[in-house]
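Q: Handing you this structure, nothing more for now.
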Amino acid sequence: MINGPITRSIRFWLVLLVVVLICTYLLRSVLLPFVAGMAVAYLLDPVCDRLERWKLSRTWATTIVTVAFVLICIIILLILVPAVVSQIVALIERAPAYVSAIQREIGELIAMLKDRLEPQTLERLQEAMRGSADRVIAWATNVLGGVISGGVAFINFVALLVITPVVAFYLLRDWDRLVEQADDALPRKHLETIRSLAKQVDETLAGFLRGQGLVCVILAVFYAIGLTLAGLDFGLVVGLIAGFLSFIPYVGSLVGLFLSVGLALAQFDSFVDVAIVAAVFFVGQAIEGNVLTPKLVGEKVGLHPVWVMFALLAGGALFGFVGVLLAVPVAAIVGVGVRFAISQYRLSHYYTGVHEATGGDDGAEPGGPA
């Protein structure tokens, strides 16, 4: 039977996919440092390859790259963490005052519209304003309590810091050998097709991760400096949040804009200062859309922003932070696979209407009379 081998092959790969998904879901709480290490190794492998071309051994190249990466991360953490933590603590302490200021602004707006609102609507707005401060304080208390009592989260964080460099080192050292072993395990009949698809996935993934990652870093620095110069009290924290959330298309700029404008309304009395804060994000969006993304990411990566957004949100909902790390690679694989399937469909008789075996014309039906 002709379809027998094809059916068995499809069944095998579907079963393997289900097993991988189940294992990932069950082990998602311990996979984070290993997935992070794989991501670091993938991103740093070209640097090791370049050092090898300079006549260094793979072990020495891996050691130099790993140590340099860890030192850079430590320096960044030592510089940023104290400032970020102090700003977050100060923000939580001032949250009630900010809420009261926003309530006051809204109260003045309601007073202006008092004659135009129905009494029931006015009462509901006032009740919502009275309860908002209590909700914000309760939320901040819960967050702090969760951070303080989250022993498991702290252990996971320590494991991430300790295990990730170790995993990255060993994967970097053995990267080429692992790739050769994976290539040797590929089905010989479809070897060249799989190699071609893997190359497309690699180009797509590398282009997006390295390009978009650099865009996020540049935007985080721009927003942090711009908001700080604009006089916003917590500009550093808001800028970093907005910049790194820019990995999810449109989300970083929107979150940063709402956060910064809300804080500016509570902090400043002049709308000119609020407009300056908002202008920082509009300028950042213009720079990202017209300069950074075209130059650093480009249009050839083949990952649509909506597809990336869906993949990140779906991965996070299903597998937590591990799912977020795996979302873009999976999105790249699915995207390349879909484009390959479409190209094969356009070559098939389902699209052309021509049967190669019978030489039928466009009007021939499958299984019809010759």
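Q: Name the residue that is farthest from residue 85 (Cα to Cα), counting only residues in the stretch 226-239 that are open to solvent by 30 Å² or more (accessible area, probe 1.4 Å) and of a type in the set (A, V, I, L, M). Let's see the steps before the verdict.
A: Initial filter on the stretch 226-239 (open to solvent by 30 Å² or more (accessible area, probe 1.4 Å)): 228-229, 231, 233, 236.
Still in the running and of a type in the set (A, V, I, L, M): 229, 236.
Details: 229: 20, 236: 11 Å.
The qualifying residue farthest from residue 85 (Cα to Cα) is 229.
Q: Could you give every pair whose Cβ atoms fall below 6 Å, whose first residue belongs to the stretch 306-326 and is closer than 19 Å to residue 29 by Cβ, and whose second residue is basic (Lys, Arg) and not in a helix (DSSP H, G or I), counting only separations of at least 6 or pairs across chains?
A: 319/28; 320/28; 322/28
Q: Kindly indicate whether any position in the stretch 35-48 is small (Gly, Ala, Ser) and assigned to a loop (DSSP other than H, G, I, E, B).
A: Filtering the stretch 35-48 for residues small (Gly, Ala, Ser) gives 36-37, 39, 41.
Then drop every residue that is not assigned to a loop (DSSP other than H, G, I, E, B), which leaves none.
The answer is no; no qualifying residue exists.
Q: Another one. Would you confirm whether any residue within the stretch 53-66 is surrounded by 11 or more Cβ atoms within 10 Å (Cβ to Cβ), among the small types (Gly, Ala, Ser), at pLDDT 80 or above and part of a helix (DSSP H, G or I)? Spell out the reasoning first.
A: Of the stretch 53-66, the ones surrounded by 11 or more Cβ atoms within 10 Å (Cβ to Cβ) are 56-66.
With among the small types (Gly, Ala, Ser) added as a condition, the list becomes 57, 61.
Add one more test, that the residue is at pLDDT 80 or above, and what stays is 57, 61.
Among the residues that remain, those that are also part of a helix (DSSP H, G or I) are: 61.
Within the stretch 53-66 (the criterion being surrounded by 11 or more Cβ atoms within 10 Å (Cβ to Cβ), among the small types (Gly, Ala, Ser), at pLDDT 80 or above and part of a helix (DSSP H, G or I)), the answer is yes, since at least one residue qualifies.
Q: Scanning the stretch 68-111 for residues that are closer than 14 Å to residue 267 by Cβ and hydroxyl-bearing (Ser, Thr, Tyr), which turns out modelled with the highest pLDDT?
A: 100
Q: OK, next. Looking at 170, 223, which one is open to solvent by less than 90 Å² (accessible area, probe 1.4 Å), out of contact with any Phe, Trp or Tyr (no Cβ under 6 Å at 6 or more places or on another chain), of a type in the set (Phe, Trp, Tyr) and modelled with pLDDT of 70 or more? Full working, then the answer.
A: Numbers: 170 fails: open to solvent by less than 90 Å² (accessible area, probe 1.4 Å).
Unique residue meeting the criteria: 223.
The values are calculated or read from the model by the stated rules, or taken from the named source; none is laboratory data. What you are looking at is a predicted structure, and each value in this text was computed from that prediction instead of being measured. With ideal geometry, Cβ positions are generated from the backbone for all residues, glycine too; neighbour counts draw on all protein chains shown. Accessible surface areas use protein heavy atoms only, side chains included; no ligands, DNA or RNA. Shrake-Rupley method; radii C 1.70, N 1.55, O 1.52, S 1.80 Å.
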